[in-house]
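Participant: So that we are looking at the same thing, I have put the structure below in structure tokens.
Quick note: the coordinates plus some simple rules give every number you see, no bench work behind them. Keep in mind that this is a model prediction, so the values were computed, not measured. In this analysis, Cβ positions are derived from the backbone assuming ideal geometry, glycine residues included, and neighbour counts consider all displayed protein chains.
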Ligand code: G3H
Ligand code: 13P
Ligand code: ZN
């Protein structure tokens, strides 16, 4: 069962010109859409669960849906990851639930507080064979809410929120985190840029130099394809001025600059919503949920397959499994002892 941490994935992605897609799961159809796409493209994948997703679905349900995916596709390298964990308690809960990777997001704290919380979470995770992702710098969309700033204000001041390469090196040394989410101009949600969409590639380059060997993560990486916005708006939605990160810039960050993990949630939400809206508008008598959730799931499959090519991870599943085997098939303690410490 190639359920694994992200280590074997990032070992290859770091120099392999590809990134692993981390897709947010909230229910059965979304999870199935992601897994079917990755199976069709033979791609490694990260299924990530936010605090909001745990609350929405009740994690017991998500755990069994994810377990079903792993059972159905035993040859697919899969990591289960906590997205934007905000407390050490939540990290502990997820370690106890069998996650193989956890994010501790202390980016809204001071530098020293972020180090303290990240180190605590990392020590706890490592003691259980789980890997960590931390964050330094500030992205828009979630983190900005914490400091009460709107998206346009964020964009105007983006330079001062980008990850500082020197701080990143100190942060890594003092925390021992396994990967780092960096602020390089992306933000969460469907309204990322008012003006020209542009990533700070030079920052990625500098952080790669100050932190050699540390896998970098890009949050807020949905591209918000215009054709999906058009569909949403055509069928009764209202999402004017939605704008994401152009896919060629994502591909560049991955293939030229070495980003290892790319987080995508908004594009899945858009695909599902656009398709459901279309069914409702074109078949107003339809009321069987299978007849709109089913097409919604198909839309997610297409969206994820498209992403796997942007990330260049299609076809990389077997190589990742070989790397996992080479490392001795490491798995969190949860899976060997039945329960984490
Ligand atoms: O970065 C955040 C993800 O898109 C998860 O969003 O907290 O609404 O589940 P959520
Ligand atoms: P998007 O909102 O761009 O999909 O980003 C998702 C994300 O970063 C999840 O952590
Ligand atoms: Zn995020």
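Participant: For 155, 205, 135, 227, what's the fewest-to-most ordering of other Cβ within 10 Å of each Cβ? Before the final figure, lay out each step's value.
Facilitator: Details: 155 18, 205 13, 135 26, 227 9.
Neighbour counts put them in this order, fewest first: 227, 205, 155, 135.
Participant: Starting from the exponent 0.38 and prefactor 2.2 Å, build the expected Rg for the chain from its residue count and divide its actual Cα Rg by it. Don't jump to the answer; show the numbers that get you there.
Facilitator: On the way: Rg = 19.0 Å, N = 341, 2.2 N^0.38 = 20.2 Å.
That works out to 0.94 for the chain.
Participant: Okay, moving on. What number results when the radius of gyration of the range 1-141, computed over Cα atoms, is divided by 2.2 N^0.38 Å? Before the final figure, lay out each step's value.
Facilitator: On the way: Rg = 14.9 Å, N = 141, 2.2 N^0.38 = 14.4 Å.
Rounded to two decimals, the normalised Rg is 1.03.
Participant: Under a crude label model (7 Å from the Cα following the beta-carbon direction), how far is residue 233 from residue 108 in nanometres?
Facilitator: Result: 3.1 nm between the two label points.
Participant: Continuing with the same structure: Along its three principal axes, how long is the range 238-305 when you only count alpha carbons? Whole Å, largest extent first please.
Facilitator: Between the extreme Cα coordinates on each principal axis of the range 238-305 lie 50, 25, 14 Å.
Participant: Determine the calculated [θ] at 222 nm for the chain from helices alone, applying -39500 (n - 2.57) to every DSSP H run no shorter than 4 residues and normalising by the residue count; nearest 500 deg cm²/dmol.
Facilitator: -15500 deg cm²/dmol
Participant: Now for a separate question. Figure the gain on full extension for residue 27 and residue 322 (residue separation times 0.36 nm, minus the Cα-Cα span) and round it to one decimal in nm.
Facilitator: 103.2 nm
Participant: Rounded to whole Å, give me the distance from the Cα center of the range 2-63 to that of the range 258-296.
Facilitator: Here the two parts' Cα centres lie 18 Å apart.
Participant: In what sequence do 327, 231 fall when counting other Cβ within 10 Å, fewest first? Write out the running numbers ahead of the final one.
Facilitator: Numbers: 327 13, 231 20.
The order, fewest Cβ neighbours first, is 327, 231.
Participant: Here is a further query. Restricting the count to DSSP beta bridges whose residues both fall in the chain, what percent are antiparallel, rounded to a multiple of 5?
Facilitator: Details: 0 of 31 bridges.
Around 0 percent of the beta bridges assigned by DSSP in the chain are antiparallel ones.
Participant: Something else: So for 93, 5, fewest C-beta neighbours within 10 Å to most, what's the order? Can you show the working numbers first?
Facilitator: Numbers: 93 17, 5 24.
Final ranking by Cβ density, sparse to dense: 93, 5.
Participant: Work out, step by step, the length gained on full extension between residue 285 and residue 55: first 0.36 nm times the residue separation, then minus their alpha carbon distance; give nm to one decimal.
Facilitator: On the way: separation 230, 0.36 × 230 = 82.80 nm, distance 3.22 nm.
Between residue 285 and residue 55, full extension yields 79.6 nm more.
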